[in-house]
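The values are calculated or read from the model by the stated rules, or taken from the named source; none is laboratory data. These figures come from a predicted structure and were not determined experimentally. Note that each Cβ is placed from the backbone with ideal geometry, even for glycine, and that neighbours are counted across all protein chains shown. In case anyone asks, the SASA skips ligands and DNA or RNA and just uses the protein heavy atoms, side chains included. Shrake-Rupley method; radii C 1.70, N 1.55, O 1.52, S 1.80 Å.
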Amino acid sequence: MIRQSDRFTLHLTIVTVLVLTAFASQASAYLYRLAWDGELAGGVVGFNVYRSSDGGDPVLMNSTPLTDTVFLDETIAPQTLYTYYVTSVGSNGVESDPSDSVEVYSGTYGDMNGDDVASATDLVLLVHYLSGNLDADAPQIASHRMVDMDDSFALDSVDVSGLQSYIAVQ
């Protein structure tokens with residue numbers, strides 16, 4: 001039994017989830033970078049990151065408490081809804097209440113319009129976007145990152161060729 005005096009409360013808020021993508025040949029690999037506010041003080045010796053997939057039970061993502069306020073998740077699958085939260089860990093091993101959670105949907109490689117399919121429609125959207133016929137915040141565009149085929153963090157003609165090739169081999 002944990003006595004109230006053995007517990008402590010630290011309010012953690014996940015402040016950023018940066019969704020990065022790295023693509024290798026025809027397979028996609030995702031990388032999520034979570035960052036939160038928190039410090040190692042007042043008995044806090046580290047942080048634990050928990051993740052659930054598609055509404056399942058949360059799983060501890062780190063083997064030992066983290067001493068940094070950043071976590072890179074490199075175990076992301078496409079078309080999956082992930083929910084993350086962070087706890088602080090005291091010197092007595094007791095965890096704080098969880099932070100607010102954050103949800104991230106991993107999407108589909110090559111999908112620009114958010115329909116979870118890489119298709120000619122996405123290719124047309126990309127061409128229209130690059131030619132200036134669509135704004136970055138146009139309602140037809142759900143994600144730029146899924147069509148950044150060369151992982152350059154900029155959309156260009158290389159991405160058009162990469163998307164064409166990807167759609168052709170599906």
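Of Y105, Y85, Y50, the order by accessible heavy-atom surface (1.4 Å probe, DNA, RNA and ligands excluded), from most exposed downward, is Y105, Y85, Y50.
Ranked by the mean number of other Cβ atoms within 10 Å of their residues, highest first, the peptides 107-113, 159-165 fall in the order 107-113, 159-165.
Running Debye on segment 49-170 with equal point scatterers at the Cα sites and no solvent, what base-10 log of I(q)/I(0) appears at q = 0.12, 0.13, 0.23 Å⁻¹? Calculated log10 I(q)/I(0) at the listed q: -0.58, -0.65, -1.23. If I take R0 = 35 Å and measure r between the Cβ atoms of A138 and Q170 in this structure, what FRET efficiency does the formula 1/(1 + (r/R0)^6) give, to the nearest 0.05? After rounding, the FRET efficiency stands at 0.90.
Taking all protein chains as shown and a probe of 1.4 angstrom, Y166 keeps an accessible surface of around 40 Å².
The largest accessible area among I76, I167 belongs to the first residue in I167, I76, and the rest follow in falling order (1.4 Å probe, all chains).
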